[in-house]
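The values are calculated or read from the model by the stated rules, or taken from the named source; none is laboratory data. No experiment lies behind these values; they were computed from the predicted model shown. As a convention, Cβ positions derive from the backbone with ideal geometry for all residues, glycine included, and neighbour counts pool all protein chains shown. Only protein heavy atoms, including side chains, enter the accessible area calculation; ligands, DNA and RNA are left aside. Shrake-Rupley method; radii C 1.70, N 1.55, O 1.52, S 1.80 Å.
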Amino acid sequence: MSTPRKAVALISGGLDSLLAAKLMIEQGIHVEGINFYTGFCVEGHTHAIRKKDKKKPKRNNALWSAEQLGIKLHILDIIEEYKDVVINPRHGYGANMNPCLDCKIFMISKAKQWMEENGFDFIITGEVVGQRPMSQRKDLLPVVVRESGIDDLLLRPLCAQNLAPTLPEREGWVDRDKLLGFSGRNRKPQMALAKQFGFEDYASPAGGCCFLTDEHYSRKLVDLWQARNKKEYELDDIMLLKVGRHIRPAPHYKLIVSREDGENKFLNGYRKQFATLEIKSHNGPLTLVDGELSDEDAKQAARIAARFSQGREAETVSVKFTRLNGEETMLDIAPMPASEIKKEWHV
Amino acid sequence: MSSYKLDARNSLCPMPVIKTQNKVNELHPGDTLEVTCTDPGALNDIPAWCRINGHEVIDTKESDGVVVIVVRVGS
């Protein structure tokens, strides 16, 4: 018996990549998954920081997919290299700060590199022609192939019959007749196929698997770049954009106010990197301060932080302000009334 | 066979899994790796990663928001 051909599957954790990999396994192909971690991935655990989401299963959907498929999964940290994709997308952004086409090209290039280093034969993805407005448009699929350098070693099992045969099909490594011809945004064919394979409880995030497609998140990223006057970020920056209320009362500083215990605990881990405001006289949130505060700013920031404490109706609330150098000041201030917190301060 | 430790505190999933994966890739079958995390999601993810990739979780502990998972490297 000949050695089976080996395919590396891009596993996002969503239904399409799960089904694409399953179709290959059914054809006797040896499949292993790779999953890319960009820092912008929407993961259950990020949400799990917040108490209200604790009922949701805390699982990594890519790992869950691999387990359903019975395949190995390799998670690649591409945080550093991915910055250039987000900061300088050659093909521009989508509706928000999502550089979907550049992202796809980058991921296919990385998968190609992994494929070559690990002796695999071709790449599969769960892409469906016309499903997404930017990265899966029929006229743009060849752009991904061309710019990633993958040539005809990229097979899209869910929509292959709508596309020209790739090398794995022409060489008979896979049977083209058993591949599918899905297209467009209708999800029913995928759901029917999932049922046929017995997959239940699969993830179906509304905005896909990336925070950059989220309008609110994108706004916070743009605000960060504007405030710093340059397009750059570190992992901590983009993690913090997922947590807390972000309030910018002045161009030179922003407050990140925790919304409940889980976020408090998470923000606590950043005490050494940020100045902080802590409510001492009442129960209240921990607030991180991004920026340098004058004494006047500190009072204003403390008043805002107090607004989100249980002392919001009290005449005076005690707030401890700790500067980045460790210097502590106790501020006894009147919480800011909701009406004074300007709408445009909320990032 | 040797025992190793990995500090994955203050990183959110999947970073603890990636750190575990990268460390395990350097180790030998039978070695053990004690991973300390603060993301409770690691309690699900690291065992799931181990099941998929042929490694064994031999102990898990959780107290005061700190999770410790001991992995025995498979062949």
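Buried accessible area for the A:B pair, summed, 1.4 Å probe, in Å² rounded to 100?
Buried: approximately 1700 Å² between B and A.
At q = 0.12, 0.22 Å⁻¹, what log₁₀ I(q)/I(0) does region A:245-328 have when each alpha carbon counts as one equal point scatterer in the Debye sum?
Values, matching the q order: -0.29, -1.03.
From the C-alpha coordinates alone, can you work out the Kirkwood hydrodynamic radius of chain B, in Å?
11.8
Is the C-alpha gyration tensor of region A:106-224 telling us rounded, prolate or oblate? Criteria: a/c under 1.5 is rounded; beyond that, a/b larger than b/c is prolate, otherwise oblate. Before the final figure, lay out the partial values.
Details: a/c = 1.86, a/b = 1.26, b/c = 1.47.
It is oblate, given that a/c is not under 1.5 and a/b is not larger than b/c.
If packing is taken as the mean number of other Cβ atoms within 10 Å per residue, what is the order of A:179-191, B:10-22, highest first?
Peptide ranking by packing, descending: B:10-22, A:179-191.
Can you give me the accessible area per residue for chain A, using a 1.4 Å probe, in Å²?
47
Buried by at least 40 Å² relative to the chain on its own: which residues of region B:21-37 qualify, computing accessible area with a 1.4 Å probe on protein heavy atoms?
B:Gln21
Could you work out the relative contact order of region B:1-71? I mean the mean sequence separation of Cα pairs under 8 Å and 6+ apart, divided by the number of residues, in percent.
34
Multiply the residue gap between A:Glu313 and A:Gln273 by 0.36 nm, knock off their C-alpha separation, and tell me the result in nm, one decimal place.
Details: separation 40, 0.36 × 40 = 14.40 nm, distance 3.09 nm.
Gain on extension, A:Glu313 to A:Gln273, equals 11.3 nm.
Roughly how big is region A:175-312's charge dipole about its Cα centre, with Cβ charges of +1 (Lys, Arg) and -1 (Asp, Glu), in debye to the nearest 20?
360
Report the semi-axes of the equivalent ellipsoid for region A:269-314 in whole Å, largest first, where each axis is √(5λ) for an eigenvalue λ of the Cα gyration tensor.
19, 14, 7
Carbon and sulfur: what percent of region B:1-64's accessible surface (1.4 Å probe)?
About 43 percent, which is the carbon plus sulfur part of the accessible surface.
What is the antiparallel percent of DSSP beta bridges lying wholly in chain B, to the nearest 5?
Here the share of antiparallel DSSP bridges comes out near 70 percent.
When only C-alpha pairs under 8 Å and at least 6 residues apart count, what is the relative contact order of region A:207-347, in percent?
Rounded, it is 21 percent for region A:207-347.
Find how much the distance from A:Glu26 to A:Asp332 grows on full extension, using 0.36 nm per residue of separation minus their present alpha carbon separation; answer in nm with one decimal. It would help to have the intermediate numbers written out before the result.
On the way: separation 306, 0.36 × 306 = 110.16 nm, distance 6.79 nm.
Contour length minus Cα-Cα distance gives 103.4 nm.
So for the pair A:Arg259, A:Arg323, with labels modelled 7 Å out along Cα→Cβ, what separation do we get in nm?
Result: 3.3 nm between the two label points.
Quick one: Debye curve from the alpha-carbon atoms of region A:175-235 only, equal weights, vacuum; give me log10 I(q)/I(0) at q = 0.28 Å⁻¹ to two decimals.
-1.22
If all Cα-Cα distances of the protein assembly as shown are sorted into 10 Å bins from 0 onward, what percent lands in each bin, rounded to whole numbers?
With a bin width of 10 Å, the distribution comes to 4, 20, 27, 23, 15, 7, 2, 0, 0.
Would you mind checking A:Lys272/B:Lys5; A:Lys220/A:Lys342; A:Lys72/A:Lys231; A:Lys22/B:Lys5; A:Lys72/A:Lys110; A:Lys83/B:Lys19 for any pair whose Cα atoms are more than 28 angstrom apart?
A:Lys72/A:Lys231; A:Lys22/B:Lys5
Whole Å is fine, so just give me how far the alpha carbon centre of region A:267-325 lies from that of region A:214-243.
Cα centroid to Cα centroid, the span is 21 Å.
For A:Lys195 and A:Ala227, what is the calculated FRET efficiency with R₀ set at 51 Å and r taken between the beta-carbons, to the nearest 0.05?
That pair, A:Lys195 with A:Ala227, gives E of 0.60.
What percentage of all Cα-Cα pairs in region A:189-347 are separated by more than 23 Å? Before the final figure, lay out each step's value.
Numbers: 5462 of 12561 pairs.
Of all Cα-Cα distances in region A:189-347, 43 percent exceed 23 Å.
To the nearest 20 debye, what charge dipole does region A:105-198 have about its Cα centre, counting +1 at the Cβ of each Lys and Arg and -1 at the Cβ of each Asp and Glu?
Rounded to the nearest 20 debye, it is 680 debye.
Averaged over B:50-58, how many beta carbons belonging to a partner chain fall within 10 Å of each residue's beta carbon?
Whole-number average of other-chain Cβ neighbours for B:50-58 is 3.
In chain A, what percent of the accessible surface is made up of carbon and sulfur (1.4 Å probe, ligands and nucleic acids excluded)?
Values: 7590 of 16170 Å².
Ligands and nucleic acids excluded, carbon and sulfur give 47 percent.
Is region A:183-281 rounded, prolate or oblate when judged by the Cα gyration tensor, a ≥ b ≥ c being the square roots of its eigenvalues, rounded requiring a/c under 1.5 and prolate requiring a/b larger than b/c?
Verdict is prolate for region A:183-281.
Could you tally the net charge around B:Thr36, taking each other residue with its Cβ under 14 Å from the Cβ of B:Thr36, Lys/Arg +1 and Asp/Glu -1?
-1
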